[in-house]
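Q: Okay, here's the structure, questions in a sec.
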Amino acid sequence: MMSARDKFLYFIFLHRTGLTVTLLTSLLVLFPLFEDNPYTLGITNLIAINTIVVLGLNLFIGYAGQISLGHAAFFALGAYGSAITTGTYELSPWPSMILVAFAVGSIALIIGIPVLRLTGHYLAMATLGFNFVVHSILLEWDTVTGGPSGFSGIPSLGFGGFYFDDEVRLHYLLWGITMACLLLCLNLVRSGVGRGLSALAEDETAAASLGVNTKNAKVKVFVLSAVMASLAGSLFAHCYSFISPDSFGIFVSADLVIMVVIGGMGSIWGSLFGAGLITLLPEWMDLFETYKDFVHGGILVLVLMFLPQGLVSGIIDIIKVRWALRRRNDVTA
């Protein structure tokens, strides 16, 4: 017979995902009530935007077992697409975001079909080249994108006469969308599609022998990750009302990959942690801003050396091992 304590712990373990989502949502709802500093809320809002990109990228890297060093390009296409359609052509922001996401997904499909035939370093270089091309276009096509000076005058998001034009309102909007994306990814990886992707990441040949259409799976998850990056880019543009090519360079793509690796490849919750840590890091080390890239690289090396599965996954594994040892000692005592 299980004791009351064991039943309680088993209940928590069985419903851990739902309880964690509920707890996190409650904390996010209450957060502006205790912290109303616009600067702090601005940082947490940026974490929400980065999390959306990283969630999609983690599906591609952690579950499909592929590598992309060019997701900042899709982030940029979403941002500039929404900026141009709303700022230049004066379309409504919400339909524009949907239209731009569809266009970015189509571009990802066109690129993904030939590019995803590559693997390893060749795939990484191809996606990096795509990022370089998009960044160069943003810089040189100044009559449309504003060039190095950036694009300003992007309208705020809103419904009717209600606008998300302050940090508190943006907090609820951005984190609401982020939690929706988080739930989407959690459900996806627990579905048959997610299990097929996990098999693909472990061994592509074995996954194909089990009936997984590996080519289609890789293209589909690549398109999904691009659409999520486009959504995040559109939100970024409308939240800050100004964008420039510097926000979407190849080092941004590298930071996104670092967020995935540090949080844990194949860990949806790790995506949230990795995005938060790397977004906050420059705020914690103002005096070392010049050496930001070296610090990011050093953290990445340390994580790969001592916790190759990522910080979140590694900590969870350590807790599981210690819990198992404790249970064994209780049984043998």
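The values are calculated or read from the model by the stated rules, or taken from the named source; none is laboratory data. Just so you know, these numbers come straight off a predicted model, no measurement behind them. Neighbour counts run over all protein chains shown; Cβ positions are idealised from the backbone, glycine included.
Q: Can you go through Ile262, Ile258 and tell me which one is in contact with a helix residue (DSSP H, G or I) (Cβ under 9 Å, 6 or more places away or on another chain) and surrounded by 24 or more Cβ atoms within 10 Å (Cβ to Cβ)?
A: Working: Ile258 fails: surrounded by 24 or more Cβ atoms within 10 Å (Cβ to Cβ).
After applying the criteria, what remains is Ile262.
Q: Being at pLDDT below 80 and not in a helix (DSSP H, G or I) is the filter; apply it to segment 187-212 and report the residue that is surrounded by the most Cβ atoms within 10 Å (Cβ to Cβ).
A: Val212
Q: Any residue in segment 201-216 that is without any contact (Cβ under 8 Å) to a residue 12 or more places away in the chain and charged (D, E, K, R) sitting within a Cβ distance under 8 Å of a residue that is part of a helix (DSSP H, G or I) and surrounded by fewer than 12 Cβ atoms within 10 Å (Cβ to Cβ)? List the pairs, counting only those 6 or more apart or interchain.
A: Sorted first by the residue in segment 201-216, then by its partner, the list stays empty.
Q: Also: Counting just the residues of segment 68-104 that are within 19 Å of the chain's Cα centre (by Cα) and surrounded by fewer than 20 Cβ atoms within 10 Å (Cβ to Cβ), which one comes out nearest to Ala206 (Cα to Cα)?
A: My answer is Phe102.
Q: Still on this structure: From the list Leu123, Leu138, which residue is in contact with a Pro (Cβ under 6 Å, 6 or more places away or on another chain), of a type outside the set (Val, Ile, Thr) and crowded, with 16+ Cβ neighbours inside 10 Å? Outline the logic, then answer.
A: Values: Leu123 fails: in contact with a Pro (Cβ under 6 Å, 6 or more places away or on another chain).
Matching residue, one of Leu123, Leu138: Leu138.
Q: Quick check on Ile137: is it without any contact (Cβ under 8 Å) to a residue 12 or more places away in the chain, over 21 Å from the mean Cα position of the chain (by Cα) and in a helix (DSSP H, G or I)? Write out each step before concluding.
A: Working: without any contact (Cβ under 8 Å) to a residue 12 or more places away in the chain: yes; over 21 Å from the mean Cα position of the chain (by Cα): yes; in a helix (DSSP H, G or I): yes.
Yes.
Q: Something else now. Looking at Ala79, Ala103, Ala124, Ala72, can you tell me which residue is more than 24 Å from Met179 (Cβ to Cβ), assigned to a helix (DSSP H, G or I) and in contact with a helix residue (DSSP H, G or I) (Cβ under 7 Å, 6 or more places away or on another chain)?
A: None of the other options fit; the residue is Ala103.
Q: Suppose we filter Leu235, Leu231, Leu277, Leu281 for residues that are assigned to a helix (DSSP H, G or I) and under 23 Å from Ala64 (Cα atoms); which single one remains? Walk me through how you get there before you give the answer.
A: Numbers: Leu235 fails: under 23 Å from Ala64 (Cα atoms); Leu277 fails: under 23 Å from Ala64 (Cα atoms); Leu281 fails: under 23 Å from Ala64 (Cα atoms).
Just one listed residue meets the conditions, Leu231.
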